[in-house]
């Protein structure tokens with residue numbers, strides 16, 4: 001098992017920059033997810049770590065040693081693809097055995113000569129044993145002789161995992177391995193993968209576009225936006241202390257509510273003609289009148305019966321999920337707001353009616369013009385990690 | 001086209017079609033039938049003024065024996081087999097890697113090479129016959145197996161066909177193979193080829209038919225009868241006989257046509273599928 | 001170690017490119033050697049008066065082409081070839097289409113007929129040409145015998161100035177129709193059935209209307225391919241002519257490739273033959289390009 005470290009990694013396709021100065025350190029045995037929108041570069045990053053794509057500059061260290069110049073097979077990593085990429089013309093057994101066969105000495109690999117060599121029988125037996133052990137742990141022993149075309153999605157997934165596991169790699173790289181499964185199977189496989197991680201103690205690097213999946217499975221989650229690493233943190237910290245507005249918007253379902261606001265004299269925040277009790281601690285340029293963004297999670301907003309909230313909105317739509325309800329409100333011309341509340345309260349609301357909404361000002365996230373997080377009031381700073389602002 | 005039990009009226013068009021088709025088919029297939037029948041007949045029945053459909057007296061054995069002994073037909077067939085197989089193997093060795101590179105790898109000159117392939121597709125073999133002849137002449141290998149085989153080692157059609165097919169192989173599969181530790185050679189041999197069998201067979205069929213039936217090139221290049229291909233052999237026989245021993249001549253023609261015909265009848269589906277898919281692309 | 005490392009880096013960075021070049025190099029070299037180079041050589045030769053076996057030669061510019069233009073045999077050859085191409089194209093494509101349409105509508109026996117009609121395509125043309133020679137035999141050939149039996153007059157077809165080319169055309173159509181039929185069938189089966197069902201609902205009468213409005217347009221791409229292929233193959237006619245008539249009688253069946261063959265490999269007038277080859281090649285490429293452009297416009301339907 002090994003740690004993976006990326007130092008200032010860049011990847012360019014001609015003029016276009018796909019990966020922009022990625023700095024990432026994954027500890028030995030950690031489960032790290034790479035999340036982002038399509039086109040954010042997460043798959044490219046994974047493939048670059050694997051060696052399937054070349055990087056333009058920067059370093060890749062595996063277990064502290066420079067690996068950036070090594071071919072995929074030399075990096076001793078294993079990859080599970082979204083489409084599983086199983087060899088269609090080989091049986092499950094041969095699929096799993098393939099990496100082992102490739103590791104044999106050259107002579108053993110040639111078709112006819114290998115059957116003449118004396119040691120080849122021992123080699124074959126070894127391989128067979130290894131494959132059977134792995135197959136048993138994945139519960140695919142009974143289907144060893146079948147071809148991928150005859151297997152179900154879940155079975156194919158296990159075979160792909162088996163092929164990765166059999167190599168005893170330094171780390172497992174997974175490129176959206178669960179995307180092709182149906183919802184129930186996906187949830188089931190998530191649990192299995194997490195369990196496998198715990199049992200094996202290996203390093204997992206997991207790419208997904210489903211932030212919920214990443215949040216539930218990982219030790220840490222790395223959010224990629226437009227080829228840059230926006231933030232890497234534990235799921236909890238990522239949720240509660242997002243360092244970038246885009247990260248705040250990406251993580252969390254339903255999406256966080258975002259508002260524009262201005263800074264007034266003395267660091268006081270004015271929003272919607274209301275001055276908030278919160279004040280900005282950090283100085284920013286053009287203090288007076290500077291534009292900032294406020295963000296609040298749906299569960300930190302509530303319908304205010306007294307009518308004395310921060311904002312008024314007209315109810316557009318109520319989603320009753322059974323255990324909770326989401327109220328969609330329209331405030332002003334273009335501003336939308338989602339509030340979480342209990343189903344009984346939601347029941348009492350009427351559509352198209354106006355209600356007052358109150359925020360929990362302690363949970364308000366403040367971002368500057370460029371989307372970077374601004375320090376909050378004293379009692380908030382102690383949680384999470386400290387950030388740097390550019 | 002869900003039809004219910006057809007009534008007599010509905011039968012009519014179908015019946016007409018079959019009738020028409022059978023008549024046309026008879027005309028189409030007549031040369032084959034006549035060829036075989038004639039090879040069974042003795043000379044007196046061939047050279048008569050009446051139409052004898054079936055042989056009255058079976059001269060099968062005599063005709064075929066003469067066909068096989070008066071010319072070295074067996075040897076010619078052997079030559080044909082050797083040449084066709086050698087060409088096919090060499091074509092595979094050249095075309096498969098090139099098609100793979102064009103389909104899956106990025107390298108400088110890739111586009112230019114593809115344009116070259118398209119350009120060469122338009123060049124019929126006869127247009128370059130003269131330079132080929134000169135090249136072989138000056139190397140001194142005219143009148144040999146090499147002369148028959150070498151010019152055809154490059155099959156631009158093959159490269160094109162295989163490239164189109166290889167593009168359909170998932171990139172992920174090749175990446176997985178790279179992760180498993182295969183180099184590009186191994187990938188071609190162990191991953192790409194086993195998954196391209198239909199395309200390879202289609203191409204093989206095209207190649208074998210084209211070169212077994214080739215007349216123009218062997219005619220130009222061969223003088224020594226020992227190297228004659230089946231096509232040259234049967235024409236040579238015709239020239240030697242010049243209109244007397246039709247029985248044996250038809251027997252010789254039957255022998256030459258038989259291998260491909262049998263192969264075709266056994267594997268018709270493959271043949272026709274191969275051509276259809278190639279055409280649709 | 002540093003050197004080792006450098007090699008590693010180079011291999012990593014340029015590996016794919018090197019493999020790509022390496023794997024396609026043999027094919028590329030052969031393309032130059034066997035295709036592109038020879039074409040250039042042919043064009044160069046056409047500008048000389050060289051004859052095989054001669055020690056020296058001189059550059060005579062376009063004189064070879066002049067001689068061709070002034071040569072009545074060349075024009076006859078060109079004319080015959082064009083006639084042959086036109087007739088065989090019409091015949092084999094028309095017949096192929098007709099057969100495909102009929103076979104496609106059968107409820108059983110499709111494979112059977114397909115096989116039968118395809119037989120002429122892959123049987124050795126040379127061997128079958130010899131059979132055809134016998135069939136066309138003035139006295140004992142089946143065709144004349146049948147003709148006599150039906151009350152017509154027999155003829156020495158291959159030795160008859162008026163009929164030699166026609167006989168060759170018939171053999172050409174016989175040889176190619178099956179191939180076109182197979183391709184048309186493939187094209188027809190690719191037309192989704194629901195289009196015909198929609199036509200039923202829309203009230204398009206079956207038969208010619210349906211053919212004109214649905215079948216024919218959707219056969220566009222396949223037809224284009226067939227037309228180009230048939231044209232090119234027809235231009236390349238050689239085997240049948242060389243074996244049966246040698247271009248006679250009186251050049252009534254002389255075709256372009258035969259002329260090239262005679263000039264190049266019987267008279268060894270290499271320079272002149274090269275010039276004729278250039279003409280031949282130009283025609284073939286022209287046909288491909290023109291037909292593609294012309295029909296491409298018509299095919300841009302869907």
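The values are calculated or read from the model by the stated rules, or taken from the named source; none is laboratory data. Predicted model, so just to flag it, every value in this text is computed and none were measured. Glycine gets a Cβ as well: all are built from the backbone with ideal geometry, and neighbour counts include every protein chain shown.
For residues in segment B:205-217 being in contact with a helix residue (DSSP H, G or I) (Cβ under 6 Å, 6 or more places away or on another chain) and more than 10 Å from every other protein chain (Cβ to nearest Cβ), which is surrounded by the most Cβ atoms within 10 Å (Cβ to Cβ)?
B:211
Out of the residues in segment B:218-231 that are at the interface with another protein chain (Cβ under 8 Å from one of its Cβ atoms) and surrounded by fewer than 23 Cβ atoms within 10 Å (Cβ to Cβ), state the one that is nearest to the chain's Cα centre (by Cα).
So, considering only residues that are at the interface with another protein chain (Cβ under 8 Å from one of its Cβ atoms) and surrounded by fewer than 23 Cβ atoms within 10 Å (Cβ to Cβ), the one nearest to the chain's Cα centre (by Cα) is B:219.
So which residues in segment A:19-70 are buried (at least 17 other Cβ atoms within 10 Å of the Cβ), within 21 Å of residue B:175 (Cα to Cα) and over 18 Å from the mean Cα position of the chain (by Cα), if there are any at all?
A:51, A:52, A:53, A:55, A:60, A:62, A:67, A:68, A:69, A:70
A quick yes/no check of all residues on (1) within 12 Å of chain B (Cβ to nearest Cβ); (2) more than 18 Å from residue B:180 (Cα to Cα); (3) in a strand (DSSP E or B); (4) touching a residue at least 12 places away in the same chain (Cβ under 8 Å):
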residue: A:29; (1), (2), (3), (4): no, yes, no, yes
residue: A:46; (1), (2), (3), (4): yes, no, no, yes
residue: A:49; (1), (2), (3), (4): yes, no, no, yes
residue: A:53; (1), (2), (3), (4): yes, no, no, yes
residue: A:58; (1), (2), (3), (4): no, yes, yes, yes
residue: A:61; (1), (2), (3), (4): no, yes, yes, yes
residue: A:69; (1), (2), (3), (4): no, no, no, no
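Scan segment B:91-107 residue by residue and report those that are under 19 Å from residue B:175 (Cα atoms) and more than 7 Å from chain C (Cβ to nearest Cβ).
B:96, B:99, B:103, B:104
Here are B:129, B:67: which of them is assigned to a helix (DSSP H, G or I), touching a residue at least 12 places away in the same chain (Cβ under 8 Å) and not assigned by TED's automatic domain parsing to the domain that holds residue B:222?
Unique residue meeting the criteria: B:67.
Determine whether residue A:86 is in contact with a helix residue (DSSP H, G or I) (Cβ under 8 Å, 6 or more places away or on another chain) and in contact (Cβ under 8 Å) with a residue 60 or more places away in the chain. Walk me through it before giving the result.
Numbers: in contact with a helix residue (DSSP H, G or I) (Cβ under 8 Å, 6 or more places away or on another chain): yes; in contact (Cβ under 8 Å) with a residue 60 or more places away in the chain: yes.
Taking the combined requirement at face value, the residue satisfies it.
Within segment C:17-32, identify whether any single residue is surrounded by fewer than 20 Cβ atoms within 10 Å (Cβ to Cβ) and more than 14 Å from chain B (Cβ to nearest Cβ), and answer yes or no.
No, that holds for no residue.
Can you name every residue in segment C:244-268 that is under 16 Å from residue C:69 (Cα atoms), within 11 Å of chain B (Cβ to nearest Cβ) and in contact (Cβ under 8 Å) with a residue 40 or more places away in the chain?
C:256, the sole residue that qualifies.
Taking residue B:201 as the residue in question, decide whether it is surrounded by fewer than 20 Cβ atoms within 10 Å (Cβ to Cβ) and either closer than 29 Å to residue C:176 by Cα or at pLDDT below 90 (or both). Walk me through how you get there before you give the answer.
On the way: surrounded by fewer than 20 Cβ atoms within 10 Å (Cβ to Cβ): yes; either closer than 29 Å to residue C:176 by Cα or at pLDDT below 90 (or both): yes.
The answer is yes for residue B:201.
Scan segment A:217-236 residue by residue and report those that are in contact with a strand residue (DSSP E or B) (Cβ under 7 Å, 6 or more places away or on another chain) and part of a helix (DSSP H, G or I).
Across segment A:217-236, the qualifying residues are A:217, A:235.
Can you list the helices (runs of 4 or more DSSP H) found entirely within segment C:35-126 that contain at least 3 residues being facing chain B (nearest Cβ under 10 Å) and surrounded by 18 or more Cβ atoms within 10 Å (Cβ to Cβ)?
Values: elements: C:37-45, C:63-70, C:72-104, C:110-122.
Here the list reads C:37-45, C:72-104, C:110-122.
Looking at C:50, C:75, which is the one that is touching a helix residue (DSSP H, G or I) at 6+ places or on another chain (Cβ under 9 Å), farther than 30 Å from residue B:112 by Cα and not assigned by TED's automatic domain parsing to the domain that holds residue C:169? Give the steps one after another, and end with the answer.
Working: C:75 fails: not assigned by TED's automatic domain parsing to the domain that holds residue C:169.
Only one candidate qualifies: C:50.
Filter segment C:213-227 for residues that are more than 10 Å from every other protein chain (Cβ to nearest Cβ) and either part of a helix (DSSP H, G or I) or over 20 Å from residue C:197 (Cα atoms) (or both) and give the result.
Those that are more than 10 Å from every other protein chain (Cβ to nearest Cβ) and either part of a helix (DSSP H, G or I) or over 20 Å from residue C:197 (Cα atoms) (or both): C:213, C:214, C:215, C:216, C:217, C:218, C:220, C:223, C:224, C:227.
Any residue in segment C:175-192 that is within 30 Å of residue C:127 (Cβ to Cβ), more than 11 Å from every other protein chain (Cβ to nearest Cβ), buried (at least 22 other Cβ atoms within 10 Å of the Cβ) and at pLDDT 90 or above?
Yes.
Regarding segment A:298-309, can at least one residue be identified that is surrounded by 15 or more Cβ atoms within 10 Å (Cβ to Cβ), part of a loop (DSSP other than H, G, I, E, B) and at pLDDT 80 or above?
no
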